[in-house]
1. Is it the case, given these coordinates, that ILE216 is within 16 Å of the ligand (Cβ to nearest atom) and part of a strand (DSSP E or B)?
2. From the list GLY227, GLY173, which one is assigned by TED's automatic domain parsing to the domain that holds ARG364, out of contact with any Phe, Trp or Tyr (no Cβ under 7 Å at 6 or more places or on another chain) and within 22 Å of ASP92 (Cα to Cα)?
3. Being within 14 Å of the ligand (Cβ to nearest atom) and in the same structural domain as ALA183 (by TED's automatic domain parsing) narrows it down to one residue among GLY19, GLY42; which is it?
4. THR167 passes all but one of (1) polar (S, T, N, Q); (2) surrounded by fewer than 23 Cβ atoms within 10 Å (Cβ to Cβ); (3) assigned to a helix (DSSP H, G or I); which number fails?
5. Just to verify a result, which residue in the range 358-380, among those that are among the charged types (D, E, K, R) and under 22 Å from ALA311 (Cβ atoms), is surrounded by the most Cβ atoms within 10 Å (Cβ to Cβ)?
6. Does any residue of the range 47-68 turn out to be more than 16 Å from the ligand (Cβ to nearest atom), surrounded by fewer than 15 Cβ atoms within 10 Å (Cβ to Cβ) and free of Cβ contacts under 8 Å to residues at least 12 places away in the same chain?
7. Quick check, is ALA250 more than 30 Å from ARG305 (Cβ to Cβ), outside any helix (DSSP H, G or I), in contact (Cβ under 8 Å) with a residue 40 or more places away in the chain and in the same structural domain as LEU295 (by TED's automatic domain parsing)?
8. Could you run through the range 155-180 and say how many residues are under 20 Å from GLY353 (Cβ atoms), more than 8 Å from the ligand (Cβ to nearest atom) and out of contact with any Ser or Thr (no Cβ under 8 Å at 6 or more places or on another chain)?
Amino acid sequence: MTEETTRALFKKIFGGDTGEVVVTFAPGRVNLIGEHTDYNGGHVFPCAITLGTWMAARLRQDRTFRLYSGNVPHQGIATFSMDHMERSPGSDWADYPKGVVRIFRDAGFPVTRGFDAVYLGDLPTGAGLSSSASIELATATMLSDLFGLGLEDQAGRIRMALLGKETENRFIGVQSGIMDQFAIALGRAGAALFLDCATLRYEEVPLELGDCDLVIMNSNAPRELAGSKYNERREECERALQSLRNAGLAVGSLGELDEATFEAWSSAIEDPICRRRARHAVLENRRTIAAVRLLRRNESGGAERLRRFGALLNASHLSLQFDYDVTGRDLDCLVESAWQQRPCLGARMTGGGFGGCAIALVERSGYEEFVEAVGKSYLGFTGRECTFLRTTAGEGARRIS
Ligand code: GLA
């Protein structure tokens, strides 16, 4: 998938040689560690990947938007007017770009005319690699360009990430945190972003994995109820935080707590489910900080550092499985199969969970062996094929031409 295929698709759908057609691209993301910590005021460590969403658009003279996705061609062209920007009753991919336009307008940006646009992506949809945030940021980047909003610098990109998050929260109705949009808007080739979600301060950490590759394993399990369960987890964490405050602990978010403080106060959270959710949020944040320390360039001890990094990935998965309860049978089976392979230094689910993808740190020399063994074992246990992809950290959202 390239700029040319996207332009060709645009021409096929909307025709004409008049008017400038702009092309933007926004990647997907993978999270190395720091899961379900973003909305708890903790740290995350994602990177943008090289797969993503291409968008080609041309301004119109009126207030109409016509949107087409090459990924769901049977849905045809979605058409709506700037004067009717409500979410559609079913679940419709076009709600993401529509929501972005709406949120930009609500924020006072002069999006004053409609456009025709096509989208074309090579991210697997609904696999937990942020295909929706990718559509949001391709659209945001496009709006910035078409309407001269000047959001290309660092502050502008952070603003776009926040507007993308607001689209999810207010328009789509998923109370997600900032991680996905931030990684996609600010991603850097070759680096992962160590982001403090409480302050939005971040550091680009070179993703140097020595003799290992970062492997994405798609469980191809549908992400059922992902949105509603996600919101439920978020509420459970809020209840846990409230219990700690009621007991007299002055704390702004679970991300502020270290392990010792949490252990000392955790009995104040009476509901055992909320206590487990909070424990995950607190310990996962500490693991994320520890993992980044291991990867920073100036630390010594190559292979051993990566082994310790891998062990943190494993601990993260177990916590998501038993304390946070967001993994599910397919992801557990996939990750456990990965753990059993000699070339694997660590593996865990990535993203929101409830199906979707896992990642593994795999010695390059043993990659083929790894893929064969995990694929076979996963198929045997679940009846599903697993898809593998070696990935590197890619560049964030941008105008292509
Ligand atoms: C989804 C959300 C993110 C984050 C992850 C879990 O991807 O969009 O904000 O909460 O789940 O870490």
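The values are calculated or read from the model by the stated rules, or taken from the named source; none is laboratory data. Model, not experiment: these values are computed from the prediction. Counting neighbours? That spans all protein chains shown, and the Cβs are built from the backbone with ideal geometry, glycine included.
1. Values: within 16 Å of the ligand (Cβ to nearest atom): yes; part of a strand (DSSP E or B): yes.
Judged against the criteria, ILE216 is a match.
2. Details: GLY173 fails: assigned by TED's automatic domain parsing to the domain that holds ARG364.
From the options GLY227, GLY173, the qualifying one is GLY227.
3. On the way: GLY19 fails: within 14 Å of the ligand (Cβ to nearest atom).
Of GLY19, GLY42, the one residue that is within 14 Å of the ligand (Cβ to nearest atom) and in the same structural domain as ALA183 (by TED's automatic domain parsing) is GLY42.
4. (2)
5. Narrowing the range 358-380 to residues among the charged types (D, E, K, R): 363-364, 368-369, 372, 376.
Subset that is under 22 Å from ALA311 (Cβ atoms): 363-364, 369.
Working: GLU363: 20, ARG364: 13, GLU369: 14.
Of everything passing the filter in the range 358-380, GLU363 is surrounded by the most Cβ atoms within 10 Å (Cβ to Cβ).
6. Within the range 47-68, not a single residue is more than 16 Å from the ligand (Cβ to nearest atom), surrounded by fewer than 15 Cβ atoms within 10 Å (Cβ to Cβ) and free of Cβ contacts under 8 Å to residues at least 12 places away in the same chain.
7. Values: more than 30 Å from ARG305 (Cβ to Cβ): yes; outside any helix (DSSP H, G or I): yes; in contact (Cβ under 8 Å) with a residue 40 or more places away in the chain: no; in the same structural domain as LEU295 (by TED's automatic domain parsing): yes.
No.
8. So the first thing to find is which residues in the range 155-180 are under 20 Å from GLY353 (Cβ atoms), and the list is 165, 168-169, 172-180.
The next check asks that each one be more than 8 Å from the ligand (Cβ to nearest atom); those that pass are 169, 172-173, 175.
Now narrow it down to the ones that are out of contact with any Ser or Thr (no Cβ under 8 Å at 6 or more places or on another chain): 173, 175.
Number satisfying all stated conditions: 2.
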